[in-house]
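No lab work stands behind these numbers, since they all come straight from the coordinates. Not measured: the values here are computed from a predicted model. Note that each Cβ is placed from the backbone with ideal geometry, even for glycine, and that neighbours are counted across all protein chains shown.
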Amino acid sequence: MKLLKSFLEVARPPFLLLTLVIMALVAATASYEGFDWSSPLFMLVLLGAVSAHISVNILNEYEDYESGLDAMTERTPFSGGSGALVKNPQAAEAVGSLGYLFLGIVVSLGVFFVYLRGWELLPIGIAGILLILFYTSKITRRPWLCLISPGIAFGPLMMTGSYFVLTGEYSWVIFGLSTIVFFLVNNLLLLNQFPDEEADRKVGRFNILMHLGSESSSVIFNSFLGLSYLVLAYMIIDGWLPYWAGLGFFTLILAWPLRVTVKYHHHSLTKLLPALGLNVSVVLLMPSLIAVGLVLALP
Ligand SMILES: CC(C)=CCC/C(C)=C/CC/C(C)=C/CC/C(C)=C/CC/C(C)=C/CC/C(C)=C/CC/C(C)=C/CC/C(C)=C/COP(=O)(O)OP(=O)(O)O
């Protein structure tokens, strides 16, 4: 019972909402582009994507527990790990193995999808699996790679990969949309690094915040935020997306105070904390609203 509780905590269910939103956007895009995709196949891809996300969450938590990081962080609802293994260390080995079990599900489904659709999926799958395996131990020690890896994984890899499984094709529209998710997800992880900076440094992590400082990191953050809206605007104006996709711009109501808070309060954790919540809302709402727009634009 205690093990199940620890597993549920380290899998970090609220974070999995991100994968659900991204997969909804993939499905909506495939429909908008006229594909009559199979629901059972979609459920399998969804299982693969959620398993990939659970796997990286668990392996990250396990490795952060082993390195002692999670015992040092000041936990917020968005950062610092779940703390489940610090509370229940006996569960560590079993929970760690579960991380590899979920990775096994991803690889098995991947082999099936490659068989179904062709080897073109393989580079995407292998890149995704490498990111899951090496995120905590290696990638978090390389500032630029650490900055862009989460966005690459949830954006171009997960979105174009899933779209390819559903439709048998790659498309520029899904690639364009995946760059929006790329910017937003990088920002999600970047801002969540602010409260953990000291603890992260003690275990040898070296991210962009440590490399460039909070001022430059806030400039990167706000540039990524702005670029996500610019890509959306470009895709609508150039006719890649319907006007309905402009629903995504409603999130500017949250993104503007987020931008201002990060710009002026990047050095003050207390003042920055509300921005963490705003950031999560923008990251989840913008792709959701674009997906709703694509569905509304269906004939
Ligand atoms: C070898 C072989 C044949 C393999 C087959 C490969 C194959 C084709 C696999 C594909 C399987 C498929 C199709 C799955 C469906 C979904 C698709 C298409 C996925 C694309 C491929 C894929 C596996 C992508 C990986 C996606 C993910 C979720 C990658 C992880 C990204 C990442 C680094 C996230 C970080 C998350 C965490 C834990 C952050 C916490 O950070 P931290 O700073 O520690 O914060 P805290 O302090 O809060 O802990």
**OP:** Report, in whole Å, the centroid distance computed from the Cα atoms of the range 63-122 and the range 203-276.
**Re:** 27
Original post:
Classify the range 177-299: rounded, prolate or oblate, from the alpha-carbon gyration tensor (a ≥ b ≥ c, eigenvalue square roots; a/c under 1.5 rounded; otherwise prolate if a/b is larger than b/c)?
Top reply: prolate
Original post:
What is the Cα coordinate range of the chain on the first, second and third principal axes, sorted by size from largest, in whole angstrom?
Top reply: 53, 45, 32
Original post:
If you take the beta carbon distance between SER108 and TRP256 as r and set R0 to 35 Å, what does 1/(1 + (r/R0)^6) give as a FRET efficiency, to the nearest 0.05?
Top reply: 0.20
Subject >> Where labels lie 7 Å past Cα in the beta-carbon direction, separation of LEU269 and LYS87 in nm >> reply: 2.1
**OP:** For LEU227 paired with GLU215, estimate the spin-label separation in nm (one decimal), with each label point 7 Å from Cα along the Cα-to-Cβ line.
**Re:** 2.2
**OP:** May I ask you to sort MET23, MET210, MET159 by Cβ crowding, counting other Cβ atoms within 10 Å and putting the fewest first?
**Re:** MET210, MET23, MET159
Subject >> Proximal lysines to LYS263, defined as alpha-carbon separation beneath 29 angstrom and excluding residues fewer than eight positions away on the same chain >> reply: LYS202, LYS271
Original post:
Anyone know which of VAL56, VAL185, VAL231 comes out most mobile in the 10 Å Cα GNM of the chain?
Top reply: VAL231
Original post:
By the gyration tensor of its Cα atoms, with a ≥ b ≥ c the square roots of the eigenvalues, what is the shape of the range 89-223: rounded for a/c under 1.5, prolate for a/b over b/c, or oblate?
Top reply: oblate
